[in-house]
Amino acid sequence: MAGGASPVSAPSATLFGFSGPRLRQLGAALLGIGVVLFFLAFVPVLLAMNQFISNPFGSAPGSIMGSFILSFVISAIGILLMGAGGFALRLGLIRPVTSYVASEASPAIQTAATALGEGFREAGFGAASPGGTVVRVKCRNCGYLETEDAEFCSKCGQRL
């Protein structure tokens, strides 16, 4: 490194080296395989029941018990894969969902919460609203009305 500092990249959210899109793909694949295995676990039991119904005295009890154990093992593997897939899918969706809530849904949530609070105060619940009005500042970039003490716009992120 001759004469300068190397650029430091921000750490990305990973799990075992998988980024968000890869976690979503891995999670969906594991979830799908787990669901298929869970439902395929019923096949050995149904085949054993069919064999028992067609010939009740000719089938060995050990083969029926073995099919039940096999079915239990396959379904347990399927349930574990569904859990791991759901967890990976959830981790892969955290960043897109939180960025959506922070940018798009935040103004709507704030407006709904304010309206709900005012409705409760009008009905006689909670403390009375402050006597003064809230001063809002309009963002020069997007036009969003922000509170007076905000330094950055909560919609577009520009400095006010």
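The values are calculated or read from the model by the stated rules, or taken from the named source; none is laboratory data. Keep in mind the model is a prediction, meaning the values are calculated, not measured. Note that we place each Cβ from the backbone using ideal geometry, even for glycine, and neighbour counts take in every protein chain shown.
Some points to look at:
- Any hit, the range 151-160, residues being assigned to a strand (DSSP E or B), under 30 Å from residue 21 (Cβ atoms), in contact with a Leu (Cβ under 7 Å, 6 or more places away or on another chain) and free of Cβ contacts under 8 Å to residues at least 40 places away in the same chain: yes
- Checked against the criteria, residue 19 counts as surrounded by 11 or more Cβ atoms within 10 Å (Cβ to Cβ) and among the hydroxyl-bearing types (Ser, Thr, Tyr).
- Selection status of residue 145, at pLDDT 80 or above and under 19 Å from residue 101 (Cβ atoms): no
- Subset of the range 82-104 (residues that are surrounded by 13 or more Cβ atoms within 10 Å (Cβ to Cβ) and either out of contact with any helix residue (DSSP H, G or I) (no Cβ under 8 Å at 6 or more places or on another chain) or among the acidic types (Asp, Glu) (or both)): 103
- First in the range 56-70 and within 15 Å of residue 44 (Cβ to Cβ), second anywhere and surrounded by 13 or more Cβ atoms within 10 Å (Cβ to Cβ) and β-branched (Val, Ile, Thr), Cβ under 7 Å, 6 or more apart: 67/45; 68/45
- Residue within the range 117-125 that is surrounded by 12 or more Cβ atoms within 10 Å (Cβ to Cβ), at pLDDT below 85, in a helix (DSSP H, G or I) and of a type in the set (Lys, Arg) present: yes
- When the range 47-96 is limited to residues that are polar (S, T, N, Q) and not in a loop (DSSP other than H, G, I, E, B), the one that is nearest to residue 30 (Cα to Cα) turns out to be 75.
- Residues that are of a type outside the set (Phe, Trp, Tyr) and farther than 30 Å from residue 146 by Cβ occur in the range 110-130; there is at least one.
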